[in-house]
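Read through the structure below, which is laid out as C-alpha cells, and then see the notes.
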Amino acid sequence: MARIGTVGYLNARPLRDRIDVDRHTIVLAHPAEVARMLEAGEVDVALAPVAAVIGDPRLRVVPGVCIGAEGPVASVVLVAQTPPEEWTAVRLDGVSRTSVVLAELLLRKGPLAGRVRPDLAIVHVPAADGLGGAGGTVAALVIGDSARTLDPRWTVRIDLAEQWTAWTGLPFVFAVWAGRADLDPAVVRHVRDAGEAGVGAIPSVYAGEELRYLTTHLRYALDDRALMGVRRFSALAHELGLLPDGMIELYGPPARLARRDVDALLLRAIEGGEFGADELEALLREAPLAELAAAADVVRSEVVPGVEVGYRVEGARPGESIQASDPDVASRLLGLRGRCAEVELLSGSASGTEHLRLVAVARLVLRDARLAVPARAEGLGAMQVALHAGANHAGTVGPTWIAAIERQIRDAGFVPRRDGPTTL
C-alpha cells in the first residue's frame with residue numbers, strides 16, 4: 001500500500017480517478033502542502049508542483065502524465081482592477097510554488113516585465129491569502145478552481161500559461177507525480193497507468209463546463225515538448241535565483257529479465273510458488289506467450305485437474321472481472337488469490353495477445369479458480385486459444401450460441417460442462 005498525495009482541484013481528478021483506493025491511501029491537500037508532505041516523507045508519491053521537484057536529487061518523476069497547458073489554462077491567473085501599467089504591487093499566493101515562480105518570472109523577465117513599473121512590489125503571502133489585500137492597483141495571483149469562478153469585479157485577468165506559451169512557444173508543466181528514488185516500481189506503474197486511463201476516460205466521465213475545461217485548457221502528456229518546457233522554465237528561473245540549478249529525473253524503465261530468470265519464474269509458477277507483483281508484471285511483459293500458455297495449460301490440466309472446462313447460461317455472473325487494459329493487473333491478481341471462485345478475464349482496450357497473456361498469468365496465480373473468457377460468436381476462435389492458455393470457462397452463453405460454444409469446446413479437445421444460472 002502506498003500513501004498518495006494529491007490536490008482536490010478538478011484538473012487533478014482525471015489523474016486520480018482510476019487509482020485503486022482499496023489498495024492505496026489518497027491524501028488531499030493544496031499544492032504547497034502536498035509538496036511539504038512529500039519532503040517530510042508523509043506520503044510516498046505526490047502530485048507535486050514541478051518547482052518543488054526541480055533540482056532535488058532525492059526525487060524522481062513518474063513518466064507519461066502531468067498537469068500542464070499549452071495556451072490558456074484558465075486556472076492560474078493574475079487578477080486586478082487596473083491594467084498592469086498601473087500596478088503598484090502583486091500579491092503572490094503561496095498555495096503553489098510553481099505558479100509563484102512562473103508569475104515572478106513573467107513579471108521580472110518575461111512579457112509582463114515591459115508592462116509593469118520598475119518599482120513594482122512583489123509580495124509573497126501565505127496560501128489562500130492572495131486576494132485578501134488585493135484591489136485598486138494591487139494585483140493578486142489566483143490558482144485552482146476558484147480562478148475559474150472569479151468575482152466580476154476583477155476585470156483584468158492575465159492567464160500565466162498563455163503568457164508562457166506566447167513567450168517561449170512551449171507547453172508549461174504545473175505538476176508531476178514524484179517520489180523518492182526507491183519508490184516501489186509497481187506503484188510507479190500503477191500511478192502512470194491509472195493517470196493515462198483516467199485521462200483517456202475524460203469524455204465518458206465528465207460533461208458540460210468540466211469537460212470543456214479538462215479538454216480545452218489542460219495538457220496531460222508529459223512528452224518531449226512538455227519536458228522541453230520544464231527545462232526552459234528551470235533555466236530561466238535559475239537565472240533569476242528563483243530555483244536551484246538542476247532538472248527533473250524520470251523513473252527509468254524496469255530492468256529486463258534474463259532468459260534464465262524467465263525460465264525460473266515459469267518453473268516456480270508451475271510448482272505453485274509465491275510471487276511479488278513486480279515478478280508477475282515481468283511475466284506479463286516479457287515471458288514468451290507460447291511458454292506462458294504452455295505453463296498455464298500444465299497447471300490447469302495436470303496440477304489442478306479438478307477445474308473443469310465449461311460455460312454458464314444467461315443469468316449467472318462471475319464473482320470478479322479483470323481487463324487486460326486495467327492498471328496494475330498483477331497486483332489485482334494477487335489480491336484475488338485464494339478468495340475468488342471465478343474470475344472473468346476481459347480484453348478491454350488491450351490486444352488479443354495481451355489478453356492471452358492475462359489468461360495465462362491468471363491461471364498461474366489463481367490455480368483453483370475458474371477463469372472465464374468471453375464467449376461471443378465472433379470470438380470463438382480466440383476462445384479456443386484461451387482454453388489452451390489456461391482458461392476453463394467460456395463465460396455467459398445465450399441460448400442461440402449454446403451449440404456453437406459446445407462445438408468449439410469439443411474441438412479444443414475438452415468435454416463441455418454446462419452450468420445453470422446460479423449466481424456464484
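Between 302, 274, which is assigned by TED's automatic domain parsing to the domain that holds residue 330, more than 30 Å from residue 106 (Cα to Cα), free of Cβ contacts under 8 Å to residues at least 24 places away in the same chain and assigned to a loop (DSSP other than H, G, I, E, B)? Spell out the reasoning first.
Details: 302 fails: assigned to a loop (DSSP other than H, G, I, E, B).
The match here is 274.
Could you identify the single residue in 116, 21, 45 that is touching a residue at least 60 places away in the same chain (Cβ under 8 Å) and either more than 26 Å from residue 131 (Cβ to Cβ) or crowded, with 20+ Cβ neighbours inside 10 Å (or both)?
Values: 116 fails: touching a residue at least 60 places away in the same chain (Cβ under 8 Å); 21 fails: touching a residue at least 60 places away in the same chain (Cβ under 8 Å).
Matching residue, one of 116, 21, 45: 45.
Only one of the numbered conditions (1) under 38 Å from the mean Cα position of the chain (by Cα); (2) not in a strand (DSSP E or B) is not met by residue 114, and that is (1). The single condition among (1) under 23 Å from residue 215 (Cα atoms); (2) surrounded by fewer than 16 Cβ atoms within 10 Å (Cβ to Cβ) that residue 126 does not meet is (1). Report, by residue number, each residue of the range 244-271 that is acidic (Asp, Glu) and part of a helix (DSSP H, G or I). Scanning the range 244-271 gives 261, 263. When residue 109 is tested against the conditions (1) more than 28 Å from residue 29 (Cα to Cα); (2) in contact with a Pro (Cβ under 7 Å, 6 or more places away or on another chain); (3) touching a residue at least 60 places away in the same chain (Cβ under 8 Å); (4) basic (Lys, Arg), the lone failure is (2).
Of everything in the range 207-243, what is within 21 Å of residue 4 (Cβ to Cβ) and not in a helix (DSSP H, G or I)? Give them in sequence order. Write out each step before concluding.
Of all residues in the range 207-243, those within 21 Å of residue 4 (Cβ to Cβ) come to 214, 218, 220-222.
The answer is 218, 220, 221, 222.
For the range 207-239, filtered to residues that are over 17 Å from the mean Cα position of the chain (by Cα) and of a type in the set (Phe, Trp, Tyr), the residue that is surrounded by the fewest Cβ atoms within 10 Å (Cβ to Cβ) is 213.
With respect to being surrounded by fewer than 15 Cβ atoms within 10 Å (Cβ to Cβ), at pLDDT 90 or above and over 30 Å from residue 325 (Cβ atoms), residue 136 fits the description.
Going by the structure shown, is residue 272 modelled with pLDDT under 90, within 29 Å of the chain's Cα centre (by Cα), under 27 Å from residue 184 (Cα atoms) and surrounded by fewer than 13 Cβ atoms within 10 Å (Cβ to Cβ)? It is false that residue 272 is modelled with pLDDT under 90, within 29 Å of the chain's Cα centre (by Cα), under 27 Å from residue 184 (Cα atoms) and surrounded by fewer than 13 Cβ atoms within 10 Å (Cβ to Cβ).
Kindly indicate whether any position in the range 159-179 is in a strand (DSSP E or B), out of contact with any Lys or Arg (no Cβ under 9 Å at 6 or more places or on another chain) and surrounded by fewer than 24 Cβ atoms within 10 Å (Cβ to Cβ). Yes, some residue in the range 159-179 is in a strand (DSSP E or B), out of contact with any Lys or Arg (no Cβ under 9 Å at 6 or more places or on another chain) and surrounded by fewer than 24 Cβ atoms within 10 Å (Cβ to Cβ).
Can you tell me which residues in the range 179-226 are of a type in the set (Asp, Glu) and farther than 24 Å from residue 325 by Cα? Break it down into steps so the answer makes sense when it comes.
Restricting attention to the range 179-226, the residues satisfying the condition of being of a type in the set (Asp, Glu) are 182, 184, 193, 196, 209-210, 223-224.
Within the range 179-226, 182, 209, 210, 224 qualify.
Checking the stated criteria, residue 183 turns out not to satisfy the condition of being under 20 Å from the mean Cα position of the chain (by Cα), buried (at least 19 other Cβ atoms within 10 Å of the Cβ) and in a helix (DSSP H, G or I). Residue pairs whose Cβ atoms lie under 7 Å apart, separated by 6 or more positions or on different chains, with the first residue in the range 129-152 and outside the structural domain of residue 210 (by TED's automatic domain parsing) and part of a loop (DSSP other than H, G, I, E, B) and the second modelled with pLDDT under 80 and among the aromatic types (Phe, Trp, Tyr), do not occur.
Candidates 201, 161, 181: the one that is among the small types (Gly, Ala, Ser) and in the same structural domain as residue 102 (by TED's automatic domain parsing) is 161. Number of residues in the range 48-61 that are of a type in the set (A, V, I, L, M, F, W, C), surrounded by 24 or more Cβ atoms within 10 Å (Cβ to Cβ) and under 19 Å from the mean Cα position of the chain (by Cα) equals 4. Scanning the range 391-411 for residues that are surrounded by fewer than 18 Cβ atoms within 10 Å (Cβ to Cβ), small (Gly, Ala, Ser) and at pLDDT below 75 turns up just one, 398. Within the range 234-250, residues that are closer than 19 Å to residue 170 by Cα have Cβ atoms under 6 Å from residues that are charged (D, E, K, R) and exposed (fewer than 13 other Cβ atoms within 10 Å of the Cβ) in these pairs: 238/245, counting only partners at least 6 apart in sequence or on another chain.
The values are calculated or read from the model by the stated rules, or taken from the named source; none is laboratory data. Quick caveat, the model's predicted, so the values are computed rather than measured. Note: ideal-geometry Cβ built from the backbone for every residue, glycine included; neighbour counts use all protein chains shown.
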